[in-house]
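Readers should treat all values here as calculations from the given coordinates under stated rules, not as data from a laboratory. Not measured: the values here are computed from a predicted model. Glycine gets a Cβ as well: all are built from the backbone with ideal geometry, and neighbour counts include every protein chain shown.
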Amino acid sequence: MKHFPVFLAVEGRRIVVSGGGEAALAKVRLLLKTEARITVVAAAPIAEVSALAAQGRLTLIARALEPGDAMCATLFYAANDDDAEDARVTALAQADGALTNWVDNLGQSQFITPAIVDRDPVTVAIGTEGAAPVLARSIKADLEARLPRALGTLARVGKSFRGAVEVLPMGRKRRAFWSEYYDRVGPETFDRAGEAGLHKGLEDLLAQHIYRDAEAGRVTFVGAGPGDPELLTIKARRALHEADVVIHDRLVTPEILELARREALIINAGKEGFGPSMKQSDIDALIVEHALRGAHVVRLKSGDPTVFGRLDEEIDAVTQAGVNFSIVPGITSASAAVASIGQSLTKRDRNASVRFVTGHDMKGYAEHDWRALAAPGQVAAIYMGRKASRFVQGRLMMHGAAPDTPVTVVENASRADQRVLESRLSTLPDDISSADMNGPALILFGLAPRAALAASPELTKEIAL
Ligand code: SAH
């Protein structure tokens with residue numbers, strides 16, 4: 001980050017603009033949204049600038065900038081549309097101690113002005129460090145559409161009510177009150193009764209919250225998907241945003257954990273480096289302990305929590321403790337892996353069923369299952385299968401699987417470091433060991449990358465990402 005975003009207190013303070021043309025006017029219009037005292041210094045201002053001065057909205061000094069004009073100014077804009085003049089006035093303003101911006105000259109500016117979405121007092125500032133103004137504009141347009149017009153009013157009225165809300169204990173209870181106001185009660189009341197109704201709406205909501213039973217903790221088992229944050233569900237995002245405590249697996253990526261609230265307690269229940277994993281019973285106890293203290297616990301599991309996630313053990317512990325739970329499904333790694341090779345898990349006239357198996361307890365796989373899987377056209381997604389690949393190969397060949405059955409291994413599916421290894425049953429264990437994979441890998445038995453994709457590794461990557 002080359003520019004650090006801050007919100008500057010400008011109420012009653014001086015901001016000086018040098019220049020009286022269109023560029024200066026555009027800045028002045030923006031600055032007039034603030035409560036700063038604006039001075040324009042321009043020898044030949046256009047009519048709009050003079051008119052604003054006549055209305056008393058700014059002070060106009062009708063001559064070129066001189067030393068001392070930017071004295072006590074917090075901010076200074078050089079907006080003469082003339083390089084020589086802008087260089088001259090920037091130097092003068094810096095000598096006067098002002099922070100300077102040379103309009104449309106990133107390199108010569110001490111600060112830059114972001115694109116702004118204005119729902120005063122809620123302000124969203126968007127900056128791209130000058131790299132992509134078009135992107136900034138499209139993000140702005142997006143937010144303009146998404147943020148209700150009434151947001152500023154809601155925030156203003158909400159602010160005047162903050163004192164009253166102090167009857168609620170700090171932390172979760174107060175947060176719950178404000179979320180309900182901004183997400184539901186505020187917008188609904190505004191639509192129905194306008195700004196005048198908001199105060200009453202807040203009072204009623206507060207009464208409900210004061211008398212609401214002590215809030216019980218709860219647990220949400222959330223699927224974090226295979227790693228790409230864009231493969232999270234909207235529900236998963238919301239749960240992460242609301243959680244007091246997030247207890248996650250080793251495979252959950254840092255980008256996803258970033259989405260948790262800043263105050264949330266984040267606990268890694270997975271393996272640390274090569275250290276020992278936390279025992280399942282300890283994880284169960286940890287979840288229950290936090291929920292019983294009243295926290296909203298998000299138990300974040302890679303992929304889909306219902307697939308090889310030891311979910312039932314955790315649910316048993318939670319229900320035995322009398323805690324409510326819910327499950328937010330996620331995209332399992334088999335789905336991400338198969339998408340990355342442009343294939344389907346099931347296909348008409350090839351396989352009408354697909355097996356999700358785990359390499360961990362392969363040895364307990366019944367004999368008839370091996371035989372069924374060895375038949376032509378069968379597909380299986382093998383989780384945690386890297387180490388078991390030799391065993392799997394042996395059993396399948398023993399039951400008559402064709403040695404040239406295609407097998408594809410997808411490591412780090414959906415992530416930036418995704419790798420696709422194309423193999424055959426006969427060479428699978430050797431291919432895996434020479435590929436030297438360290439990330440999580442999913443083995444797709446019975447599937448090869450779609451031909452067009454296989455021909456172009458670049459394309460595979462693009463489609464996968
Ligand atoms: N609940 C998870 C699976 C947990 S078991 C899910 O639905 O995906 C852990 C195994 O999942 C790993 O050993 C690996 O086989 C697979 N896995 C998880 N994330 C993966 C990813 N991004 N790419 C490939 N395989 C992955």
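Couple of notes before you dig in:
- Applying both filters, DSSP loop and at most 11 other Cβ atoms within 10 Å, to the GluC sites (Glu not before Pro) of the stretch 1-93 gives GLU11, GLU35.
- Pairwise Cα distances in the stretch 334-464 exceed 21 Å in 34 percent of cases.
- For ILE266, the residues 5 or more places off, or on other chains, whose built amide H falls under 5 Å of its own are VAL246.
- Look at TYR77, TYR211, TYR365, TYR383 and count the other Cβ atoms within 10 Å of each Cβ; fewest to most, that gives TYR211, TYR365, TYR383, TYR77.
- Sparse-neighbourhood loop sites, GluC sites (Glu not before Pro) in the stretch 175-260 - DSSP loop, at most 14 other Cβ within 10 angstrom: GLU215, GLU258
- Residues in the stretch 408-423 carry Karplus couplings, in order, of 10, 10, 10, 9, 6, 3, 6, 9, 4, 9, 4, 9, 10, 10, 8, 9 Hz; the curve used is 6.51 cos²θ - 1.76 cosθ + 1.60 with θ = phi - 60°, and Gly or Pro positions show x.
- Where labels lie 7 Å past Cα in the beta-carbon direction, separation of LYS33 and ARG262 in nm: 2.2 nm
- Cα gyration tensor, the stretch 14-113 - rounded (a/c under 1.5), prolate or oblate: rounded
- Remark: the HIS399-THR306 segment gains 30.5 nm on full extension, using 0.36 nm per residue and subtracting the alpha carbon distance.
- Within the stretch 268-328, the chymotrypsin sites (Phe, Trp or Tyr not before Pro) that combine a DSSP coil assignment with at most 14 other C-beta atoms in a 10 angstrom radius are PHE274.
- Estimated 222 nm signal from helices in the chain, with DSSP H stretches of n ≥ 4 weighted -39500 (n - 2.57), rounded to 500: -11000 deg cm²/dmol
- Projecting the Cα atoms of LEU251, MET397, GLY385 onto the charge dipole of the chain, computed from C-beta unit charges around the Cα centre, puts MET397 farthest toward the positive end.
- Distances between placed amide hydrogens fall under 5 Å for HIS296 paired with ARG218, ASP244, VAL245, all partners being 5 or more residues away or on another chain.
- About the centre of its Cα atoms, the chain shows a dipole size close to 820 debye [charges on the beta carbon of Lys, Arg (+1) and Asp, Glu (-1) only; nearest 20 debye].
- Global geometry of the stretch 342-386, whether rounded, prolate or oblate, following the gyration tensor of its Cα atoms and the 1.5 cut on a/c: oblate
- Bins of 20 Å from zero: percent of alpha-carbon pairs in the chain: 19, 36, 30, 14, 2
- Spin-label model, LEU8 to SER344: label points 7 Å out along the Cα-to-beta-carbon direction sit 5.9 nm apart.
- Neighbour counts of other Cβ atoms within 10 Å put HIS296, HIS199 in the fewest-to-most order HIS199, HIS296.
- Phi-derived couplings, Karplus 6.51 cos²θ - 1.76 cosθ + 1.60 at θ = phi - 60°, listed residue by residue for the stretch 98-113: 8, 7, 10, 10, 9, 4, 6, 9, 4, x, 9, 9, 7, 9, 10, 9 Hz, with x used for Gly and Pro.
- Going from the fewest other Cβ atoms within 10 Å to the most, the residues SER353, SER179, SER333, SER50 appear in the order SER353, SER179, SER50, SER333.
- Tail beyond 16 Å, pair distance distribution of the stretch 107-160 (Cα, percent): 49 percent
- In sequence order, calculated HN-Hα J values of the stretch 205-211 (Karplus, 6.51, -1.76, 1.60; Hz; x Gly/Pro): 5, 5, 4, 4, 6, 5, 8
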